[in-house]
Structures are given as structure tokens and as C-alpha cells.
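Notes follow the structure.
The values are calculated or read from the model by the stated rules, or taken from the named source; none is laboratory data. What you are looking at is a predicted structure, and each value in this text was computed from that prediction instead of being measured. Methodologically, a virtual Cβ is constructed for each residue, glycine included, from the backbone with ideal geometry; neighbour enumeration extends over all protein chains shown.
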């Protein structure tokens with residue numbers, strides 16, 4: 001039976017190199033490491049919960065667009081549904097949708113993919129859905145899946161209410177083998193409170209300490225290390 005694992009295996013190495021060009025073993029690009037860990041979890045259907053600390057929304061868009069493009073292209077023939085959740089439509093969702101649309105066109109898929117209801121992108125049998133906390137969609141287009149089965153991304157998770165996520169997202173993200181990833185800043189909020197992203201990061205670091213399996217990635221620390229070295 002054809003699964004996502006078969007085509008992904010042939011494209012993973014070129015799209016997400018094991019290290020940044022010219023990087024030494026101790027200075028691997030953690031954003032690429034994170035992306036590879038996400039794809040590996042999707043391929044193996046382990047359903048990992050992963051997190052990454054970034055410096056900007058632009059970095060989150062860059063990473064997520066590459067992951068989403070790969071999952072759409074390899075899932076177009078076998079079917080898949082991924083969801084990207086973000087705080088605002090204008091500040092987070094629209095730029096991310098535009099980035100993915102450009103990536104699809106540059107990959108030679110112009111005229112093959114289609115936008116659906118201004119909130120989703122469909123490539124044959126593969127779907128990428130976009131949800132904004134401040135402007136949730138009022139209706140579900142015909143044929144569109146109602147929940148993710150491949151990947152759930154929570155972007156700027158430090159700005160999404162834990163209660164909102166627990167009540168609105170978690171109940172629809174229980175598919176077996178679903179990979180969930182959280183993007184957020186390295187610095188905690190100024191008010192000292194623990195955000196949704198802080199909780200996920202702390203949980204992942206605790207699990208790493210216990211079993212040694214990498215779950216949290218810090219691209220800001222890697223970049224700072226390279227800057228100080230130069």
C-alpha cells in the first residue's frame with residue numbers, strides 16, 4: 001500500500017539537509033534539524049509533540065512553508081490533511097498562505113493547487129488548512145476534512161490562550177499518529193506568566209532529560225553561538 005513514507009523518503013535529504021552548508025558538526029542548523037524531526041515523526045506516525053524557539057514570525061513561515069510544501073506534494077496522491085493554527089489572520093495566517101502559494105508555484109504546481117474559501121489550500125487529495133484565533137472560519141467547505149491527520153502546527157504559541165487551545169483545538173487533534181509542533185520565542189513573556197509555548201517547551205525538555213530523545217530545538221541559541229564565534 002502506498003503511504004506518505006514512500007515518497008517522503010526520497011525527498012527528505014535534499015529539502016532538509018542534515019546540516020547547514022559549511023556548518024561544523026557542533027553547529028548544525030537547528031531549524032533544519034527540527035524540520036527533519038517533524039517529517040520523521042510524520043513518516044513513522046509516531047505522533048510526536050515537538051517545539052522550536054525562533055527569533056521571528058518570518059522564520060516560522062520559512063520553516064513551516066517548506067514542511068507544508070513537502071507534505072502537500074507527497075500527499076497529493078494518497079490523501080493527507082495538515083492544519084496551521086496562528087493568533088491572527090492578517091499578521092500570521094495570510095502571510096503564511098501567500099508563502100506556501102508562492103512555493104507551490106515555484107515548484108511547478110501552478111494551476112494544479114487551488115485555494116478553498118480563502119482559508120485552505122488543496123493539492124489534489126492533500127489539504128493544508130489555516131486557522132486564525134481572531135477570525136475563525138464560519139463554515140466548512142464541501143469536501144474539506146474537519147480535522148488534521150498528518151500534522152498540526154501551532155505558530156506563535158506564546159500568543160495563543162492555553163484554554164482556547166484546550167477547548168477549540170485539542171478535541172479535534174486526536175487522530176492516531178498525528179504530529180503536533182509548536183513555534184515560539186526563546187524568551188518568556190514580560191509578565192512572567194507561563195504561556196502555552198512555555199508549557200510545551202518545559203514538558204519537552206523534561207522528557208528529553210528523562211529519555212535523551214530530542215523534542216525541543218532552539219534556533220536562536222544556535223544562531224547566537226555562531227554570531228559570538230565570529
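At a glance:
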read-out	value
Sole residue being out of contact with any helix residue (DSSP H, G or I) (no Cβ under 6 Å at 6 or more places or on another chain) and in contact (Cβ under 8 Å) with a residue 24 or more places away in the chain, chosen from 129, 123	129
Selected residue (only one of 212, 192 is more than 28 Å from residue 129 (Cβ to Cβ), loosely packed, with under 14 Cβ neighbours inside 10 Å and at pLDDT below 90)	192
Answer from 145, 171 - the residue that is in a loop (DSSP other than H, G, I, E, B), at pLDDT below 95 and out of contact with any helix residue (DSSP H, G or I) (no Cβ under 6 Å at 6 or more places or on another chain)	145
Filtered residues of the range 41-59 (kept if touching a helix residue (DSSP H, G or I) at 6+ places or on another chain (Cβ under 8 Å) and in a helix (DSSP H, G or I))	42, 43, 44, 57, 59
